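The values are calculated or read from the model by the stated rules, or taken from the named source; none is laboratory data. Keep in mind the model is a prediction, meaning the values are calculated, not measured. Every residue, glycine among them, receives a Cβ derived from its backbone with ideal geometry; neighbour counts consider all protein chains shown. Only protein heavy atoms, including side chains, enter the accessible area calculation; ligands, DNA and RNA are left aside. Shrake-Rupley method; radii C 1.70, N 1.55, O 1.52, S 1.80 Å.
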Amino acid sequence: MNPVTEYPSGRKERQILLLQQMRALLEGETFAISHMANAASLLWHALPAVNWVGFYLRQGDDLLLGPFMGKPACLRIPFGKGVCGTAAAGKKVLRVADVHAFPGHIACDSASRSEIVIPLLESGETAAVLDIDSPVSNRFDEEDEEFLTEFARLVEKGCDLSAFR
């Protein structure tokens, strides 16, 4: 597959292309770390106004830093703490318009203003989370949530997540 260096300016067209690219990258392999690295890179290069895209992987009752694009990040996040830990514990998407108003927010990059976190499940339990930060307040809307959830489900289904429990 040839990587696309320029993405369509239209939101829907860009989303369709990203889903197609992720599907193609998932073919024939299930190693989660490789797929998460490619997924983070795809989103990082294609989504406007983001300053961090990556995954945290479950280890016991914590999330450990996985593949990402952006500045160095927090290494370990306990379940139930911050946006990532809260999303992981609740097994549901969290879209936060203003991270500074989120109780217990963990600030890895002080430039971040908004965040969306999508849990990836293995046998009904959180195995990882896709975390995306933006320096723009209220950057993520319902359409972003729908697209990024679909994108995360592709990664979830294409990966062997059994190591992350």
Filter pass, LEU94 being open to solvent by less than 50 Å² (accessible area, probe 1.4 Å) and either at positive phi or without any contact (Cβ under 8 Å) to a residue 40 or more places away in the chain (or both): yes
Restricted to segment 105-123 and to residues being in contact with a Pro (Cβ under 9 Å, 6 or more places away or on another chain) and open to solvent by 10 Å² or more (accessible area, probe 1.4 Å), the residue farthest from LEU47 (Cα to Cα) is CYS108
If GLY10 meets every condition in (1) among the small types (Gly, Ala, Ser); (2) open to solvent by less than 20 Å² (accessible area, probe 1.4 Å); (3) at pLDDT below 95 apart from one, which number is that one? (2)
Please pick out the residue among THR86, THR126 that is open to solvent by less than 40 Å² (accessible area, probe 1.4 Å) and either modelled with pLDDT of 95 or more or closer than 23 Å to VAL155 by Cα (or both). THR126
Tell me which of these PHE102 doesn't satisfy, since it passes every other one: (1) under 27 Å from GLN15 (Cβ atoms); (2) of a type in the set (A, V, I, L, M, F, W, C); (3) crowded, with 17+ Cβ neighbours inside 10 Å; (4) touching a residue at least 12 places away in the same chain (Cβ under 8 Å). (3)
Name the residue, out of ILE118, ILE77, that is aliphatic (A, V, I, L, M), within 16 Å of the chain's Cα centre (by Cα) and closer than 24 Å to ARG14 by Cβ. ILE118
Which of the residues that make up segment 129-150 are more than 16 Å from ASP109 (Cα to Cα) and either assigned to a helix (DSSP H, G or I) or among the hydrophobic types (A, V, I, L, M, F, W, C) (or both)? VAL129, LEU130, PHE140, GLU142, GLU143, ASP144, GLU145, GLU146, PHE147, LEU148, THR149, GLU150
Restricting the search to segment 41-63, which residues are surrounded by fewer than 19 Cβ atoms within 10 Å (Cβ to Cβ) and of a type in the set (Ser, Thr, Tyr)? SER41
